[in-house]
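Below is one structure; the comments refer to it alone.
The values are calculated or read from the model by the stated rules, or taken from the named source; none is laboratory data. Keep in mind the model is a prediction, meaning the values are calculated, not measured. Note that we place each Cβ from the backbone using ideal geometry, even for glycine, and neighbour counts take in every protein chain shown.
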Amino acid sequence: MDKQLFEEVDKYISRLLANEDQVLKDVITSLDQAGLPQFSVSPSQGKLLQVFAAMCGAKNILELGTLGGYSTIWLARTLPDAGKLITIEFDDRCADVAEKNLAAANLQSKVSVRRGKALDVLPLLQNENAGPFDLIFIDADKPPYTEYFQWALKLSRPGSIIICDNVIREGMVLEENHPDEKVRGVQRFNNFLSACTEVNATILPTVGMKEFDGMAICVKI
Ligand SMILES: C[S@@+](CC[C@H](N)C(=O)[O-])C[C@H]1O[C@@H](n2cnc3c(N)ncnc32)[C@H](O)[C@@H]1O
């Protein structure tokens, strides 16, 4: 089995169950237009996030790492009328693009983009009593993943779902003393997760149109 087959199967799943509407397609175009990287989750991953949000009846969602708002839109579309999603983004160019995309998706009343480094914004959210969040999606820079996860534990409640993307990195996590700080960041996180008694967790390998990777899926005990 090769990458091409995984891509074809991913497209097949997307055609069946994760069809992008024009708003989501426009988010992808908006990234190219703004010279931003195509680091959004894939359609089937966006749908997976949405299914998790629906499964736990999420009313209050937190996301770390907005980019153009692609995963944000998948997640926010399951929110009830009074539901809220906070997404944290430190790059103003991304936040500007995301806010336009969220307005195009008619989600501006439910979603707020908080600008700043996640480790600066998270304590503010705690002070504002913004939690507990029903679902937290961690998809920002990789070196502080352990610290992001520790914050997610603080800002959640028993039953909350915490999802952390890109924790396998094409299998590079298997290599000890890897020179890449992103790989080392997720290795440190994966080890922390392994010893964490506050969650029931697993890692779901992800194959398809994006690089071979994995999502940590956790439920707070
Ligand atoms: C992988 S992209 C997010 C993709 C998005 N979740 C999606 O699937 O559509 C990571 C984002 O995290 C942002 N980021 C990086 N470091 C950050 C930090 N310290 N705090 C907040 N955001 C950060 C980047 O600017 C980038 O937009």
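A few remarks follow.
- Yes/no for I88 being modelled with pLDDT of 95 or more, within 15 Å of the ligand (Cβ to nearest atom) and not in a helix (DSSP H, G or I): yes
- Unique match (being surrounded by 23 or more Cβ atoms within 10 Å (Cβ to Cβ), away from the ligand (no atom under 15 Å from the Cβ) and hydrophobic (A, V, I, L, M, F, W, C)) among A58, A54: A58
- In the stretch 101-115, the condition of being assigned to a helix (DSSP H, G or I), within 12 Å of the ligand (Cβ to nearest atom) and not basic (K, R) is met by at least one residue.
- Residues within the stretch 116-137 that are at negative phi and either within 9 Å of the ligand (Cβ to nearest atom) or in contact with a His (Cβ under 6 Å, 6 or more places away or on another chain) (or both), tallied: 6
- K84 meets the conditions (1) within 26 Å of E147 (Cα to Cα); (2) in contact with a Leu (Cβ under 9 Å, 6 or more places away or on another chain) in every case but one. The failed one is (2).
- Condition met for L31 (in a helix (DSSP H, G or I), of a type outside the set (G, A, S), within 20 Å of S112 (Cα to Cα) and within 13 Å of the ligand (Cβ to nearest atom)): yes
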